[in-house]
Amino acid sequence: MAAITQRPKGTQDVVPSEVYKWYTVEQIASETARQFGFKEIRVPTFEDTGLFVRSVGDTTDVVQKEMYTVSATGDSTFTLRPEGTAGTIRALIENGVLNEGFPQKVFYILSCFRHEKPQAGRLREFHQFGCEMAGAANARADADVIALAKSVLDRLGLKGIELNINSIGCPECRSQYHKALKEYFEGYKDSLCETCQGRLEKNPMRILDCKSQEDKQIAENAPLILDYLCDDCKEHFEQLQNNLRLMGIDYKINARIVRGLDYYTRTVFEFITTDIGAQGTVCGGGRYDGLIEQLGGKPTPALGFGMGLERLILTMESQGCDFKKPEKCGIYIASMGQKGESKAVELVGKLREEGFFAEYDLVGRGLKAQMKYADKIGASFVVVLGDNEIDSGEAKLKNMRTGEQTDIKLDDSFVDSFSGIFFSDMLSDENFRNMISSIAKDGE
Ligand code: ATP
Ligand code: MG
């Protein structure tokens, strides 16, 4: 019985009182992406399993241990997306978007599924804001994508998040590097974890991304990819750094970053915080010049990143960042008696038509309890409609912040009169004035 009353391990509910935090992050991320010229793309939650095996890579943790593969009777098997890039690239190819000129720039906000050991900041269903850019080989594009990620983090108010960059080269320089790595790890073969012993033959670079403490220690003195880059890859990495400097974006070169997915080439990067414990990578991304061709498209350079929204929100909470407050009820119409109740229904309908957040009693509370409720939901104004008000055609509109009361007619002029009072109150509110003047200052 317990199972049906509990959410699956590693999943989260977002309750109504917390959802404004998600709105803040989703709104800032998508607005910033649109400003950078990215358009939203929406793709299915599940894809052919082979798509992920081919793109993410069959020696990665994601494919080896973390995929949720599902099937329905009589159907083939599918996999719940463990990340957003593979499905997005599949969609860009399948819908001919890549024939519409370059660069193509898309972003998404979506759920991902990985069968991992749940911990703070590590879930089985989590959410990513991500972007992909196709058709730009130049290092300016790498810097531009990094600048988008940085802008989102800045606008969320996050501080002290360090950008780490690295280059993992192209298939040519990597083949030399693989040889050197293999030689190095051969010496420790028996001490490596079982998974990494298998990786030694097929993809020794994956060992560098292993989460086991022992393997991490062994990897500490392994050869570094930066020493094996070919001239073109070196030049690309230099150009990336030049562009980041031009943009005033601080970075650190971290030769240990190889990323957990196989499709990366040249630039890889992570934004890392130390504020939420071990799962500190809030954003990871890089270039994947071979992926589009590998998935059946024309050879097209591309790059992107994924940002974990749960980790972002955790970091914002731990740093005390501001979330956009949820909108509060503008007017609550309290009523007593049949006539008052009917009038409340009519007026609330009209107010809502004009775009106001208006509420009235739905559960049959007494007048006192209605007033208490209006206060609890933070209504800005309250009107009480009883027999007297209906008969005289006039009621008192109470400003809940100042306590001030104004007479208001209950005829056709009601919504206009309320509108005037509502907006002049907003302008006289100090918080609102401060907000406007800070926006004006930002624009200077
Ligand atoms: P990690 O090294 O933390 O496992 P990863 O290399 O697997 O991360 P990516 O596949 O690059 O991560 O995904 C991009 C981002 O998505 C990560 O930087 C992180 O913020 C977030 N993310 C990845 N896996 C999870 C998860 N299981 N739960 C919550 N967020 C996640
Ligand atoms: Mg991972």
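Observations on the model:
- Looking only at the stretch 120-140, and only at residues there that are of a type in the set (A, V, I, L, M) and surrounded by fewer than 19 Cβ atoms within 10 Å (Cβ to Cβ), the one that is nearest to ligand 1 (Cβ to nearest atom): 120
- Among the residues listed as 348, 363, the single one being surrounded by 13 or more Cβ atoms within 10 Å (Cβ to Cβ) and not assigned by TED's automatic domain parsing to the domain that holds residue 113: 348
- Candidates 17, 55, 71, 76: the one that is at negative phi, in contact with a helix residue (DSSP H, G or I) (Cβ under 9 Å, 6 or more places away or on another chain), small (Gly, Ala, Ser) and open to solvent by 30 Å² or more (accessible area, probe 1.4 Å) is 76.
- Residue 379 vs. criteria in a helix (DSSP H, G or I) and out of contact with any helix residue (DSSP H, G or I) (no Cβ under 7 Å at 6 or more places or on another chain): no
- The lone exception for residue 327 - which of (1) in contact with a Phe, Trp or Tyr (Cβ under 9 Å, 6 or more places away or on another chain); (2) assigned to a helix (DSSP H, G or I) it fails: (2)
- Where residue 304 falls short, out of the listed (1) closer than 23 Å to residue 153 by Cα; (2) within 16 Å of ligand 2 (Cβ to nearest atom): (2)
- When 105, 150, 117 are checked against the criterion of being open to solvent by 10 Å² or more (accessible area, probe 1.4 Å), modelled with pLDDT of 95 or more and farther than 23 Å from residue 41 by Cα, a single residue qualifies: 117.
- When 86, 91 are screened for being open to solvent by less than 70 Å² (accessible area, probe 1.4 Å), of a type in the set (Gly, Ala, Ser) and in contact (Cβ under 8 Å) with a residue 60 or more places away in the chain, only 86 passes.
- Residue 73 being more than 16 Å from ligand 2 (Cβ to nearest atom) and out of contact with any Ser or Thr (no Cβ under 8 Å at 6 or more places or on another chain): yes
- Selection count, the stretch 212-228, where residues are open to solvent by 100 Å² or more (accessible area, probe 1.4 Å) and more than 19 Å from residue 166 (Cα to Cα): 3
The values are calculated or read from the model by the stated rules, or taken from the named source; none is laboratory data. It should be emphasised that the depicted structure is a prediction, and the values quoted were computed from it without experimental measurement. Virtual Cβ from ideal backbone geometry, glycine too; neighbours counted across all protein chains shown. With ligands, DNA and RNA removed, areas are computed over all heavy atoms of the protein, side chains included. Shrake-Rupley method; radii C 1.70, N 1.55, O 1.52, S 1.80 Å.
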